[in-house]
Amino acid sequence: MLLAGDQTDFRWEFQMNDRFGLARRKDVAWVLVAALVLGLLAAGPALAAEPASWPEVAVTKVVGGIQRPVHVTHAGDGSNRLFVVEQAGRIMLAKNGAVQPVPFLDIRERVLCCGERGLLSVAFPPNYAAKGWFYVYYIDKENRSVVARFRVGADSDLADAASEEILLTVPQPYVNHKGGQLAFGPVDGYLYIGLGDGGSAGDPGNRAQDPAQLLGKILRIDVESGAQPYAVPTDNPYVGDTTYRPEIWALGLRNPWRFSFDRLTGDLYIGDVGQSAYEEIDFQATTSAGGENYGWRILEALHCYSPSAGCVPPERYAPPVIEHAHAEQWVSITGGVVYRGRDHASLQGIYLYGDYGNGDIWGLRRAGGQWANTRLLVTNYNISTFGEDERGTVLVADYATGDIYAITAAAPTATPAPTRLPLLLPLILKH
Ligand SMILES: [Ca+2]
């Protein structure tokens with residue numbers, strides 16, 4: 001791009017000289033100087049808006065004793081309970097740091113675990129306290145993705161496993177790339193569902209680009225209107241185009257294992273796990289009408305994948321805002337959460353994300369129209385998920401130990417980050 005810009009500028013100057021003659025060159029030079037000064041003045045406020053530095057962060061253990069935690073969230077009901085999803089098929093409740101002995105939900109007999117399969121997330125609808133129902137995503141015994149609704153009973157700490165209403169099933173061709181995130185849009189109240197490309201490697205069925213399939217997509221459906229089993233919002237981007245499944249909100253995703261909405265702005269951040277060379281974060285502004293194509297398998301992050309050279313990006317292609325190379329020790333990205341809590345002003349607006357394989361926690365933010373990211377903390381965790389509690393504290397789960405940590409802003413004199421330890425567990429989420 002720089003080269004193209006240089007060529008353009010050179011051509012412009014050449015034409016000006018040719019048209020007005022050498023006597024005009026001094027005038028042109030003055031115009032260029034004036035433009036440069038004005039440009040610097042215009043850029044001044046943007047540069048000033050760039051935060052001076054990144055905060056130092058630390059972690060504090062808040063819950064332990066979870067088995068294979070893959071998701072952590074809250075119900076938004078004022079109870080301050082933490083809901084931690086165990087991959088084998090249970091949702092555990094934690095109150096004031098104590099895991100309750102009785103699971104909130106136990107559907108292990110319906111769930112196919114583990115590897116990348118299992119009970120993968122839970123989502124509570126807006127105004128859950130008055131409704132008493134919630135949604136889960138799991139892989140069933142027949143290797144299908146299932147989105148289902150459950151209800152709590154008289155005891156708000158206990159869901160009724162017999163209350164299941166299955167809303168959506170999607171057959172899966174392979175064992176990996178299940179996606180698995182559910183989240184309600186903070187602006188529209190619709191349920192967003194992340195589905196991977198179906199698995200194997202390299203998306204052999206080209207499913208992520210296939211508009212007739214739900215795999216490799218983020219779906220957007222209306223589960224709260226009373227329509228059975230759900231309604232498709234009439235403003236979904238491909239409603240009326242019979243070549244597309246109308247549930248599709250975005251496509252071209254490989255394995256959007258974790259995505260989240262910025263609870264303040266409504267912006268969407270997607271961590272899409274890469275194939276063999278690059279991990280990526282995708283961003284969709286809250287003003288988007290949907291329909292973005294994130295490029296897989298044509299592209300892996302910013303690089304041609306299939307074909308390996310000379311690829312043509314799809315229509316409505318949305319490139320990642322950042323990528324991380326396996327050549328720089330990245331293994332498997334775990335999408336995170338934008339900090340919007342009350343306790344740590346220096347974390348405000350930072351998207352905290354990380355890597356399942358190398359344990360690093362990173363921050364990403366946009367300032368002055370530019371994205372910037374940095375590594376904030378080195379850990380030895382297998383980071384399976386990030387989440388939030390009801391105060392907006394960002395949490396991170398270590399799949400290996402079953403511990404859940406709060407991410408905090410550390411004092412500048414905090415002890416140094418721990419040295420990274422060798423990973424003893426197989427990298428189950430990376431295939
Ligand atoms: Ca992509």
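Being assigned to a loop (DSSP other than H, G, I, E, B), surrounded by 24 or more Cβ atoms within 10 Å (Cβ to Cβ) and among the acidic types (Asp, Glu) is not true of residue 210.
Among all residues of the range 336-347, there is none that is of a type in the set (D, E, K, R) and under 18 Å from residue 398 (Cβ atoms). Which members of the range 165-201 meet the condition of being surrounded by 17 or more Cβ atoms within 10 Å (Cβ to Cβ) and among the charged types (D, E, K, R)? Listed by number, the residues that qualify are 178, 197.
Output the residue which, of all residues in the range 46-61 that are at pLDDT 95 or above and surrounded by fewer than 16 Cβ atoms within 10 Å (Cβ to Cβ), is nearest to residue 99 (Cα to Cα). Going through the qualifying residues, I end up with 61. Quick check: anything in the range 163-172 small (Gly, Ala, Ser) and more than 22 Å from residue 403 (Cα to Cα)? Yes; the residues of the range 163-172 include at least one that is small (Gly, Ala, Ser) and more than 22 Å from residue 403 (Cα to Cα). Scan the range 242-263 and report the pairs whose first residue is at negative phi and whose second residue is basic (Lys, Arg), with Cβ atoms within less than 6 Å and a gap of 6+ or a chain change. Cβ pairs passing all conditions: 248/217; 249/220; 251/217; 263/340. Of the set (1) surrounded by 21 or more Cβ atoms within 10 Å (Cβ to Cβ); (2) farther than 29 Å from residue 76 by Cα, all apply to residue 398 but (2). Based on what the data block shows, is residue 355 surrounded by 21 or more Cβ atoms within 10 Å (Cβ to Cβ), of a type in the set (Asp, Glu) and away from the ligand (no atom under 16 Å from the Cβ)? Taking the combined requirement at face value, the residue satisfies it. When restricted to residues that are under 30 Å from residue 347 (Cβ atoms) and more than 13 Å from the ligand (Cβ to nearest atom), the range 270-313 contains 5.
If you filter the range 69-116 down to residues that are outside any strand (DSSP E or B) and among the aliphatic types (A, V, I, L, M), you find that the one that is nearest to the chain's Cα centre (by Cα) is 75.
Applying the set (1) basic (Lys, Arg); (2) under 19 Å from residue 220 (Cβ atoms); (3) in contact with a Gly (Cβ under 7 Å, 6 or more places away or on another chain) to residue 151 leaves exactly one unmet item: (2). Report the residue count in the range 130-168 for those that are in contact with a strand residue (DSSP E or B) (Cβ under 8 Å, 6 or more places away or on another chain) and part of a strand (DSSP E or B). Residues flagged as in contact with a strand residue (DSSP E or B) (Cβ under 8 Å, 6 or more places away or on another chain) and part of a strand (DSSP E or B) within the range 130-168 amount to 26. Residues being within 16 Å of the ligand (Cβ to nearest atom), touching a residue at least 24 places away in the same chain (Cβ under 8 Å) and out of contact with any Pro (no Cβ under 6 Å at 6 or more places or on another chain) are entirely absent from the range 343-352. Scanning the range 247-267 for residues that are away from the ligand (no atom under 14 Å from the Cβ) and of a type in the set (A, V, I, L, M) returns 248, 264.
If you go through the range 79-102 and keep only what is under 21 Å from residue 182 (Cβ atoms) and of a type in the set (Gly, Ala, Ser), you end up with 79, 88, 89, 94.
Condition check for residue 244 on (1) out of contact with any Pro (no Cβ under 7 Å at 6 or more places or on another chain); (2) hydroxyl-bearing (Ser, Thr, Tyr); (3) away from the ligand (no atom under 16 Å from the Cβ); (4) more than 30 Å from residue 391 (Cα to Cα): one failure, at (1). Looking only at residues in the range 243-283 that are among the β-branched types (Val, Ile, Thr) and in a loop (DSSP other than H, G, I, E, B), the one that is surrounded by the most Cβ atoms within 10 Å (Cβ to Cβ) is 273. Condition (residue is closer than 17 Å to residue 282 by Cα, out of contact with any helix residue (DSSP H, G or I) (no Cβ under 7 Å at 6 or more places or on another chain) and more than 16 Å from the ligand (Cβ to nearest atom)) applied to the range 318-327: is it met by at least one residue? No, because not a single residue in the range 318-327 is closer than 17 Å to residue 282 by Cα, out of contact with any helix residue (DSSP H, G or I) (no Cβ under 7 Å at 6 or more places or on another chain) and more than 16 Å from the ligand (Cβ to nearest atom).
Taking the conditions (1) buried (at least 16 other Cβ atoms within 10 Å of the Cβ); (2) touching a Gly at 6+ places or on another chain (Cβ under 6 Å) in turn, residue 105 satisfies each one other than (2).
The values are calculated or read from the model by the stated rules, or taken from the named source; none is laboratory data. A quick note: this is a predicted structure, and the numbers were derived from the prediction, not measured. Note: ideal-geometry Cβ built from the backbone for every residue, glycine included; neighbour counts use all protein chains shown.
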